[in-house]
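Shown next, in structure tokens, is the structure this report addresses.
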Amino acid sequence: MKARLELKYSPAHVNKPILSKAILEARIPINILKASLTASEGIMTIEMDADRETIARVIEILKSNGVQVKEIPRYVEINTEKCIDCGACTGVCPTDALTLNSDKKLIVNEEKCILCGNCLKACPRGAVILYK
Amino acid sequence: MSEALRTIEQVNEKIAKGDVVVLTAEEFVKIAESSGLEKAAREVDVVTTGTFGAMCSSGAFLNFGHADPPIKMTRAWLNDVPVYKGLAAVDGYIGAAAYSETRGIEYGGGHVIEDLVSGKELILRGESYGTDCYPRKYVETIIRIDDLNQAVLVNPRNAYQRYFGATNSSDRTLYTYLGTLLPNYGNVGYSGSGELSPLYKDKDLETIGIGTRIFLGGGIGYVIGEGTQHYPSKNLSTIMVAGDLKQMNPRFLKGATFYKYGATLYVGLGIPIPLINMNVARNAATPDREIFTEIMDYSVPSVKRPVVKKVSYEELKSGRVEINGKTVKAASMSSLRMAREVAQTLKKWIEEGLFLLTKPVAPLRKDSVQKTMPLRKHEPKVVELMRTQIVTAKITDSIKDVSTKMVRGNADHVPVVDENNKLVGIVTTWDIAKAVALNVQKLDAIMTRNVIVAKPHETIDIVANRMEQYDITGLPVVDDEGHVLGLITSADLSRLFKPSEGGVVIEGQA
């Protein structure tokens, strides 16, 4: 199964190779989707494809090293009551998570979403819900 | 005159009998291609069109009824969105682009109209100076559309025959009414339904005129005149339309907000085109691949934006457009799916005998042109304020050379030029401080190469905006070939606002 986690590093942990440690110990590849570092904290979104046990192991390693871990159950959702299928979001989606099908209806492919947030600003109807 | 096929009276007789043949414009394009235009034109009586786009020039006249004691409202708000009150006591106009005084552009006139049509309750506030006949000075109440005497959608400009595409050559993201435009030609935004576009399908305006009955906002509406900025010779016709808001449907009127641009209203609008002659049929059969528009560079702050590419609606609708050898995404701001629904709904109404066609009372003008605003008051230009006695540096200069020049010339910004005085970079006092701190010796290593510049004939407010956008305080002024002519800084601009020191005051900005 695929899992996405949002990690919060406090300044005390920013300099430590915690993620590398998790990769080495759990022995799985981890993809960094997004990372930002400010003076007060570091926030990172990571993704991995592994069995339930391994994912739990990664979470445990991260937590025991002082990283706050939040599981991201869903990535992006469209409020179909509000959406008018214009497709404005599709032009700024870097991964084709949002596309129009042949009937010009908006289709969401959550697996592809990297939570960049471009669609939030692009949607004139406020129909995008991002689970960050 | 093109070969006559049928009259509107004959079409209406067929509608009454229930044997009228109606196709949507998309269906008609296909039939005309498969069985030939001649045959299709003889078999099909009416072609329905549709569009569903953001149309800022929309709004509604409302009559609120008199309160007791009455008030001559001189200012009024619906859900904190200002209503135009330069009319009689309780008449007002809510414009789609007006925006909430408490929530900003997130909620605007377009949303108010959607909420009204949805039957929601809205807060009405009104103010007045009080008169003998209208003693009340303030009113606040809750209203619904049913409470209003009249609610009439009157849109000065709708159904643009086509619209321009937009792209962005600059290095920053732009937020426009054609959506988010990514830097370096990163994508294209466009609008319009192409081969479903009402005014493209009757581009010679042979059947659409004043009085034409149309599908408007899910109800019945009428063309009441040429739209503002109507420009038929450029395939930029528009129409002014009106219809009773009370019989419209919120599915086809949607409030919207374009990020950092403003509030607007999506309007579903469709026009039936009776195929009265072969020329009308030929126009109605025009496919997306023969409907062209221009993609413009929206990073250029001028109404004369450079055309980057001419493109067909077929290419735009594919979702991919090639720009400068790179394939980028093209996204529509208008909804093609909803435009199709408009055309299908109108088709159904006609087939079921619920909608009769009309002959125009008067034609729309074909010779209207869109003029630009004359600017007859002097606007200060860069060339009038820039300093020409400036310090420049060569790329081979050392940090020490440059810092000496800065001190002598009392300069914060030093353009770096080549042997022909062409701009290659810029250094500021801050860059020099950084170079000293990092112990860098060469100018080359610290200068900014991607320089934000000003042109001599740009107006001051454009340049002031640019400084704000990029958070910088000085711009080299260059000619079209990149030769440095001078420098303009925020200090130069601030002189404008000090008349005592001999500057010019810009009205309304001081």
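Show the residue pairs meeting these rules: Cβ distance below 7 Å; 6+ apart or different chains; first residue within region A:82-95 and more than 7 Å from chain B (Cβ to nearest Cβ) and farther than 17 Å from B:Leu182 by Cβ; second residue assigned to a loop (DSSP other than H, G, I, E, B) and modelled with pLDDT of 95 or more.
Filtered contacts from region A:82-95: A:Lys82/A:Arg125; A:Lys82/A:Gly126; A:Lys82/A:Ala127; A:Cys83/A:Arg125; A:Cys83/A:Ala127.
Failed condition for A:Cys116, given (1) away from chain B (no Cβ under 14 Å); (2) among the hydrophobic types (A, V, I, L, M, F, W, C); (3) surrounded by fewer than 19 Cβ atoms within 10 Å (Cβ to Cβ), with all others met?
Answer for A:Cys116: the failing condition is (1).
Can you go through B:Ile94, B:Ile113 and tell me which one is among the β-branched types (Val, Ile, Thr), closer than 14 Å to B:Ala151 by Cα and free of Cβ contacts under 8 Å to residues at least 40 places away in the same chain?
None of the others qualify; the one that does is B:Ile94.
If you scan region A:110-132, which residues turn out to be more than 22 Å from B:Gly186 (Cα to Cα) and modelled with pLDDT under 95?
Passing the criteria: A:Glu110, A:Glu111, A:Ile129, A:Leu130, A:Tyr131, A:Lys132.
Under 8 Å between Cβ atoms, which residue pairs at least 6 apart in sequence (or on different chains) link something in region A:55-73 that is free of Cβ contacts under 8 Å to residues at least 40 places away in the same chain with a partner that is of a type outside the set (A, V, I, L, M)?
Hits for this filter: A:Arg57/A:Glu25.
Pull up region B:75-112, narrow it to residues that are part of a strand (DSSP E or B) and out of contact with any Phe, Trp or Tyr (no Cβ under 9 Å at 6 or more places or on another chain), then point me to the one that is farthest from the other protein chains (Cβ to nearest Cβ).
Filtering region B:75-112 for residues that are part of a strand (DSSP E or B) and out of contact with any Phe, Trp or Tyr (no Cβ under 9 Å at 6 or more places or on another chain), the one farthest from the other protein chains (Cβ to nearest Cβ) comes out as B:Arg75.
Which of the following residues is surrounded by fewer than 17 Cβ atoms within 10 Å (Cβ to Cβ), hydroxyl-bearing (Ser, Thr, Tyr) and either free of Cβ contacts under 8 Å to residues at least 60 places away in the same chain or outside the structural domain of B:Arg42 (by TED's automatic domain parsing) (or both): B:Thr388, B:Thr392?
B:Thr388
Taking the stated definitions as given, is B:Arg305 among the basic types (Lys, Arg) and away from chain A (no Cβ under 14 Å)?
yes
Specify the residue that is surrounded by the most Cβ atoms within 10 Å (Cβ to Cβ); the eligible residues are those in region B:167-194 that are at the interface with chain A (Cβ under 8 Å from one of its Cβ atoms) and in contact with a Lys or Arg (Cβ under 8 Å, 6 or more places away or on another chain).
So, considering only residues that are at the interface with chain A (Cβ under 8 Å from one of its Cβ atoms) and in contact with a Lys or Arg (Cβ under 8 Å, 6 or more places away or on another chain), the one surrounded by the most Cβ atoms within 10 Å (Cβ to Cβ) is B:Val188.
Can you name every residue in region A:97-106 that is facing chain B (nearest Cβ under 9 Å) and either polar (S, T, N, Q) or assigned to a loop (DSSP other than H, G, I, E, B) (or both)?
Across region A:97-106, the qualifying residues are A:Thr99, A:Asp103, A:Lys104, A:Lys105.
Would you call B:Thr448 without any contact (Cβ under 8 Å) to a residue 12 or more places away in the chain and surrounded by fewer than 14 Cβ atoms within 10 Å (Cβ to Cβ)?
Taking the combined requirement at face value, the residue does not satisfy it.
Has region B:462-473 got at least one residue that is modelled with pLDDT under 90, more than 17 Å from B:Thr388 (Cβ to Cβ) and touching a Gly at 6+ places or on another chain (Cβ under 8 Å)?
Checked against the condition, which is being modelled with pLDDT under 90, more than 17 Å from B:Thr388 (Cβ to Cβ) and touching a Gly at 6+ places or on another chain (Cβ under 8 Å), region B:462-473 yields no hits at all.
Given the conditions (1) assigned to a loop (DSSP other than H, G, I, E, B); (2) within 14 Å of chain A (Cβ to nearest Cβ); (3) farther than 29 Å from B:Ile220 by Cβ, and given that B:Ser334 satisfies all but one, which numbered condition is not satisfied?
Going through the list (1) assigned to a loop (DSSP other than H, G, I, E, B); (2) within 14 Å of chain A (Cβ to nearest Cβ); (3) farther than 29 Å from B:Ile220 by Cβ, B:Ser334 breaks only (3).
Tell me, which strands (runs of 3 or more DSSP E) lie completely within region B:197-280 with 1 or more residues that are more than 14 Å from every other protein chain (Cβ to nearest Cβ) and crowded, with 20+ Cβ neighbours inside 10 Å?
By residue number, B:213-216, B:219-226, B:239-244, B:262-270, B:272-274.
Would region A:85-99 turn up any residue that is more than 17 Å from the chain's Cα centre (by Cα) and more than 19 Å from A:Gly117 (Cα to Cα)?
Checked against the condition, which is being more than 17 Å from the chain's Cα centre (by Cα) and more than 19 Å from A:Gly117 (Cα to Cα), region A:85-99 yields no hits at all.
The values are calculated or read from the model by the stated rules, or taken from the named source; none is laboratory data. The structure presented is a predicted model; accordingly, all values stated were derived computationally and were not measured. Neighbour counts are summed over all protein chains in view; Cβ atoms, including those assigned to glycine, are modelled from backbone coordinates with ideal geometry.
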